[in-house]
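All remarks here apply to the structure that follows.
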């Protein structure tokens, strides 16, 4: 395995994709600066983050299985175990490989949420909340067209009364009935485009019960807000 290292990241990867990984590390470093503004921290408050990139899914799963007995669902392409980000990307498709490098930035949001919120204030994880933050902050959806957003919102609309607290089980996020990541995208867009992030973080720190209560209605509110703009 090769490696690229700076003050913020140490990334291990197979030979032949150095420039793609470098672009991913540069992007993650840039996004981390933005995240620090959200979490009210300095870059140095988060120690160097380690990551490993895999082009073979079997190697990806085998590596993760050293650290957990949890099942690795077929749709999982990025996770965080043993104080390290793991990323699977299909090396046969460079477009997909470039896109998957954004997983480093995405997982960094989860890491910062964990270190700066959950661990610091001794709060049990609220999956829908940090996933909504990560799915907005990683910047992937910024490139989506209005048509893409419309299609996503239409997929989510039949589930608008869904209590997203039920997504706390990682194995229940994607089912034959719904895709929780679609929900996270809509909720994240609603939170950040209405500048609610600081208020929500403060509420979480002060009273998690209020965030759980919010989870029962926030998807409905976000969908209504989305279609009211159309």
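The values are calculated or read from the model by the stated rules, or taken from the named source; none is laboratory data. Since this is a predicted model, take the numbers as computed values, not measurements. FYI the Cβ positions are ideal-geometry reconstructions off the backbone, even for glycines, and counts take in every protein chain you see.
Being in a helix (DSSP H, G or I), assigned by TED's automatic domain parsing to the domain that holds residue 70 and at pLDDT 95 or above is a description that does not apply to residue 156.
If the condition is being out of contact with any strand residue (DSSP E or B) (no Cβ under 9 Å at 6 or more places or on another chain), surrounded by 19 or more Cβ atoms within 10 Å (Cβ to Cβ) and modelled with pLDDT under 95, then region 168-219 contributes no residue at all.
For the condition surrounded by 13 or more Cβ atoms within 10 Å (Cβ to Cβ) and either over 18 Å from the mean Cα position of the chain (by Cα) or at negative phi (or both), residue 12 qualifies.
Across region 92-110, the number of residues qualifying as under 19 Å from residue 72 (Cβ atoms) and in contact with a strand residue (DSSP E or B) (Cβ under 9 Å, 6 or more places away or on another chain) comes to 6. Condition (residue is more than 17 Å from the chain's Cα centre (by Cα), under 16 Å from residue 163 (Cα atoms) and without any contact (Cβ under 8 Å) to a residue 12 or more places away in the chain) applied to region 185-194: is it met by at least one residue? No, because not a single residue in region 185-194 is more than 17 Å from the chain's Cα centre (by Cα), under 16 Å from residue 163 (Cα atoms) and without any contact (Cβ under 8 Å) to a residue 12 or more places away in the chain. Scan region 15-26 for residues that are surrounded by 18 or more Cβ atoms within 10 Å (Cβ to Cβ) and either without any contact (Cβ under 8 Å) to a residue 12 or more places away in the chain or within 18 Å of the chain's Cα centre (by Cα) (or both) and jot them down. Answer for region 15-26, where residues must be surrounded by 18 or more Cβ atoms within 10 Å (Cβ to Cβ) and either without any contact (Cβ under 8 Å) to a residue 12 or more places away in the chain or within 18 Å of the chain's Cα centre (by Cα) (or both): 24, 25. Is it the case that residue 137 is surrounded by 17 or more Cβ atoms within 10 Å (Cβ to Cβ), within 17 Å of residue 34 (Cβ to Cβ) and out of contact with any helix residue (DSSP H, G or I) (no Cβ under 6 Å at 6 or more places or on another chain)? When the stated conditions are applied, residue 137 does not pass them.
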